[in-house]
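Only one structure is covered here, and it is reproduced in the block below.
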Amino acid sequence: MNRRQFIFTAAGGTLFSRIPEVLATPPAKYDLIVKGGRVIDPSAKLNAIRDVAISGGKIAAINANIDADAAEVIDARGKLVVPGLIDIHTHAGRSNDGPPLCLADGVTGFIDAGSYGADRINETVAVAKAARQQGRVLINIGRAGILPEGDTMDISRADTAAARDAIMRNRDMIVGVKARLSRDVAGANDYEVLRRAQEVASSFGLPVMIHMGQTISPLPKLLSLLKPGDVVTHMFAPPPNSIIDEAGHILPEVLAARRRGIWFDVGNGRNGHLRWDIADGVLRAGFLPDTISTDWSVEARTAQVINFENVMSKFLMLGVPLDQVIAQATVNPARVFKVFAGRGTMKVGAPADIAVLELREGMFEFVDNFQNTRSGRQRLFPTATVLGGMRVTK
Ligand SMILES: [Zn+2]
């Protein structure tokens with residue numbers, strides 16, 4: 001049999017054998033297959049080219065080659081396939097535009113970190129409830145929320161009764177208390193504001209997230225009020241009251257806080273929270289972030305933050321290995337708030353939340369909160385999002 005005859009025979013055979021299948025129209029074995037991408041799932045220590053099959057909203061299989069039928073296929077060749085990103089410091093709950101914009105960037109779980117206090121908490125709770133992805137809220141201990149003149153400059157705004165009442169009404173949606181402590185936010189009240197935030201949070205068994213940096217009280221004094229499971233955001237804030245001293249040593253109280261189970265988070269933001277030289281020193285001292293978060297807001301999409309992938313790329317530029325950057329944006333944040341338990345992973349059986357990213361090579365400019373620019377050779381971009389097994393389309 002020559003080659004031409006073989007092809008003819010093979011094609012004919014395929015045709016005949018296909019007919020009964022077409023008539024029977026068997027259901028596709030999977031709902032969706034994400035095909036041919038580099039799967040990086042730090043929760044499973046996996047970094048390899050894999051197909052990911054999804055059915056019933058769950059990860060059904062991950063193998064080198066899955067040839068079964070699927071209702072939909074995402075071609076991920078040349079792309080990274082990672083668990084859905086979890087951003088524990090955003091302001092996505094300020095308007096209904098927030099959550100879908102984050103979702104398009106691969107953020108399948110978010111926390112609105114203290115946009116509002118007791119007075120307007122219903123607004124942010126409503127936004128988080130309406131979001132397609134999991135969204136939860138930290139209540140600002142300042143009852144008026146974020147104020148240009150400072151949330152708790154007037155200490156009477158740190159109203160524990162109002163905060164307690166708001167939490168009681170929204171137990172399913174409020175997952176912690178936010179205390180913003182910089183001198184332009186709380187002034188000399190920082191310690192008392194945190195004490196009140198902790199009093200409220202502890203009474204519900206909830207964590208506190210503190211916004212550190214440029215405080216009047218020394219950081220060790222503030223850290224002494226934190227309990228295991230609490231979160232320190234803006235960990236790369238420059239002095240006064242950084243986590244690192246002038247000699248390049250991480251403060252012993254900071255090391256001790258990490259040992260007793262307090263999380264250290266990036267919170268990129270736009271003003272005063274991230275300066276390259278501080279990040280260099282902290283990373284050089286071997287003190288990596290537990291979690292990367294953006295401090296995202298609709299306004300930050302055009303400056304500083306842009307999107308979660310841009311913030312992650314800054315850490316690639318600063319020398320953090322890709323697998324660790326992915327861990328800091330997936331499995332690690334999933335551990336911080338109980339609502340994300342079982343997420344941030346692509347293990348078989350997990351909810352099928354996936355971000356497909358592109359890692360482009362080139363020259364990319366990154367800017368810190370003090371307008372210092374640096375260039376890096378890689379930048380991540382969002383390509384596709386899968387939420388609960390369904391490809392997200394706008
Ligand atoms: Zn913030």
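The values are calculated or read from the model by the stated rules, or taken from the named source; none is laboratory data. This one's a predicted model, so the numbers in the text were calculated from it and none came from an experiment. When we count neighbours, we look across all protein chains shown, and the Cβ atoms used for this are built from the backbone with ideal geometry, even at glycine. For the accessible areas, the whole protein counts, side chains as well, though only heavy atoms, and no ligand, DNA or RNA atoms are used. Shrake-Rupley method; radii C 1.70, N 1.55, O 1.52, S 1.80 Å.
Quick notes
- Residues of the stretch 255-290 with amide N under 15 Å of a point placed 7 Å along Cα→Cβ from Glu246: none
- Cα-based reach from Lys314 at 20 Å (exclusive), listing lysines while leaving out same-chain residues under 8 positions away: Lys79
- The stretch 44-108 and the stretch 142-190 have Cα centres lying 35 Å from one another.
- Intensity falloff of the chain expressed as log10 I(q)/I(0), Debye formula with alpha-carbon point scatterers, at q = 0.06, 0.14 Å⁻¹: -0.26, -1.17
- Helix 308-317 vs. the chain, principal-axis angle (Cα, 0 to 90°, nearest 10): 80
- Rounded to 5, percent antiparallel among DSSP beta bridges of the stretch 44-182: 30
- The stretch 269-366 - Rg and Dmax from Cα coordinates, angstrom: 14.4, 42
- Legend: distances between Cα atoms for Lys45/Lys129; Lys129/Lys227; Lys35/Lys347; Lys58/Lys347; pairs beyond 21 Å are Lys45/Lys129; Lys129/Lys227.
- The chain: antiparallel DSSP beta bridges as a percent of all, rounded to 5: 50
- Mean accessible surface per residue for the chain, computed with a 1.4 Å probe while every protein chain stays in place, in Å²: 42
- Alpha-carbon spread of the stretch 66-164, three principal axes, descending order, Å: 63, 23, 20
- Close amide-amide hydrogen proximity is noted between Ala71 and Tyr30, Asp31, Leu32, each under 5 Å apart and 5 or more residues distant or on a separate chain (H modeled in the peptide plane; Pro and chain starts excluded).
- Taking the square roots of 5 times each eigenvalue of the Cα gyration tensor of the stretch 312-363, largest first, gives ellipsoid semi-axes of 24, 13, 8 Å.
- Residues in the stretch 173-188 that a label on Ala161 would reach, taking backbone N under 12 Å of a point 7 Å out along Cα→Cβ: none
- Here is the tail figure for the stretch 221-291: Cα pairs spaced more than 15 Å apart come to 49 percent of all pairs.
- Taking Cα atoms only, the orientation of helix 190-203 departs from the longest principal axis of the chain by about 60 degrees.
- Nearest 10 degrees, 0 to 90: helix 121-130 Cα axis against the chain principal axis: 10
- Cα-projected label distance for Met168 with Ser202, points at 7 Å along beta-carbon direction, nm: 2.0
- Within a straight-line Cα-Cα reach of under 12 Å, Lys221 can be paired with the following aspartates and glutamates, leaving aside sequence neighbours fewer than 8 residues apart in one chain: Asp190, Glu192, Glu253.
- Over the chain: helical MRE at 222 nm, DSSP H runs n ≥ 4 each giving -39500 (n - 2.57), nearest 500: -8000 deg cm²/dmol
- Within the accessible area of the stretch 100-152, the carbon and sulfur atoms contribute 50%, probe 1.4 Å, all protein chains present.
- The H on the amide N of Phe264, modeled in the peptide plane, is under 5 Å from the matching H of Val232, Asp290, Thr291, each at least 5 residues off or on a different chain.
- Summarising the strand pairing of the stretch 145-291, around 10 percent of its internal DSSP beta bridges are antiparallel.
- For the chain, the relative contact order is 18 percent, taking Cα pairs closer than 8 Å that sit 6 or more residues apart in sequence and dividing their mean separation by the residue count.
- Taking θ as phi - 60° and the Karplus parameters 6.51, -1.76 and 1.60, the scalar couplings of the stretch 146-155 work out to 6, 10, x, 8, x, 4, 10, 4, 8, 4 Hz in sequence order, x denoting glycine and proline.
- For the stretch 246-338, the set of GluC sites (Glu not before Pro) satisfying both a DSSP loop assignment and a count of at most 16 other C-beta atoms within 10 Å is given as Glu246.
- Farthest toward positive dipole pole in the chain [+1 Lys/Arg, -1 Asp/Glu at C-beta], among Met312, Ser375, Ser43: Ser43
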